[in-house]
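Notes to accompany the following structure.
What follows draws every value from the coordinates through simple rules; no lab data is involved. None of these values were measured; they are calculated from a predicted model. All Cβ positions, even for glycine, are placed from backbone atoms using ideal geometry, and neighbour counts span all protein chains on display.
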Amino acid sequence: MVSGVIFQVFYGLMGSWTAYLISCLYVEYRSRKEKENVNFKNHVIQWFEVLDGLLGPFWKGVGLAFNCTFLLFGSVIQLIACGSNIYYINDHLDKRTWTYIFGACCAFTVFIPSFHNYRIWSFLGLAMTTYTAWYLTIAAIVNGQIPDVKHSGPTKLVLYFTGATNILYTFGGHAVTVEIMHAMWKPRKFKWVYLVATLYVYTLTLPSAIAVYWAFGDQLLDHANAFALLPRSGARDFAVVLMLIHQFITFGFACTPLYFVWEKVTGFHTSRNILVRAIVRLPVVLPIWFFAIIFPFFGPINSAIGALLVTFTVYIIPAAAHMATYRTTFARENAVEKPPRFLKSWAATYLLNLFVVLWTLVVGFGFGGWASITNFVHQINTFGLFAKCYQCQPKKPPTH
């Protein structure tokens, strides 16, 4: 448990640093383009465009591939979570059927034009996750420890690094940083907003994780969804409903950048006709729906995506791109954003970026990738593809 807490703090701070790097590159790109009198009216700037403008087509291609793939599977994870959570309120339908239903519901996000329209939803999502996290904390403490609870933790390296990579995924959600910054009136404040948000997330994740682990111990190794372990109550059902709404919002957050990319490919990005853009966006939802049905492994898929995609998308590429952008003396002297005060120099910034790249490459992608893929293959061998009800307990026969 101690190492889990340390990993949460460490990856949270490292995620805040790379979010800061992305914000610096966005501000640099926009500043250069505005000097060239480029007009961004009716155009949303995206990460791959920042990489293209600052570093060229190779970086654009790499950034686009990783970013789109991560956001696609990030949307898949939200859809899987919907099917998994609602099952603990209504188990008359299996998780796969619920995923079909929520896939259709989430498809309505095609009608939400941009991140400007998610402002109020963001605040509501914050309230929902706050309630759910503190419900888990209080419910675990009130219900107490289960009989003969064991706290042996992960007994194999595979389980240890799978868990660590799951945490890396949790604090790697800033793949939509550029799109969110573009929707802000004062984009430069994003780096501080993100840091404060990370500190607030600690108040939600740490107490709930510690309390639930204290109460259920090793049972969590076989139950990816904590709702499955808590007794049913009105408070639990309310938490599940709130998380379903939150996951709908998060699905929109993850999928909207994909909508933008597809609109630009098809030539409809600047259209002001919401209905036309919604119809154009619909094909993006179909592969998400399909992958959520074929890989319903709530939990293991998070760590697999974390190791294979999050590592590069929001850690390695931003750190490497920042070093490449400011590699020349001229670029450093004319940088819009100078190194932060606590580092004071470009040399220290480069060293920190190099550490992020090497650590993520070796621990996150290397060990994490090995562990996550091993665990993912185990889930496929155990439950099979298109699993009807992943980790569901056998239903008790009706009593007469």
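Some values worked out for this structure:
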item	result
For the stretch 26-168: span of alpha carbons on each principal axis (Å, largest first)	68, 39, 28
Per-pair calculated FRET efficiency, R0 = 30 Å: PHE383 and LEU286 via Cβ, rounded to 0.05	0.80
Whole-number D in µm² s⁻¹ for the stretch 245-362, Kirkwood Cα-pair radius fed into Stokes-Einstein, 25 °C, 0.890 mPa s	138 µm²/s
Cross-link table LYS33/LYS338; LYS41/LYS344; LYS60/LYS95; LYS35/LYS189, entries beyond 29 Å C-alpha to C-alpha	LYS41/LYS344; LYS60/LYS95
FRET E, pair LEU124, LYS35, Förster distance 30 Å, beta-carbon r, rounded to 0.05	0.20
Radius 14 Å from Cβ of ARG188, net charge of other residues (Lys, Arg +1; Asp, Glu -1)	+2
Helical segments meeting 27 Å axial Cα length and Kyte-Doolittle 0.0 threshold in the chain (DSSP H)	2-35, 57-86, 119-143, 190-216, 234-266, 274-294
Mean separation of Cα contacts under 8 Å (6+ apart) over length of the stretch 2-383, as relative contact order %	33 percent
Per-residue HN-Hα couplings for the stretch 36-43 [Karplus 6.51, -1.76, 1.60; θ = phi - 60°; Hz; x = Gly/Pro]	8, 6, 7, 9, 9, 5, 6, 10
Sequence of SER114, SER75 once ranked by neighbouring C-beta atoms within 10 Å, starting from the fewest	SER114, SER75
FRET efficiency estimate (nearest 0.05) - Cβ-Cβ, TRP192 to LEU159, R0 35 angstrom	0.45
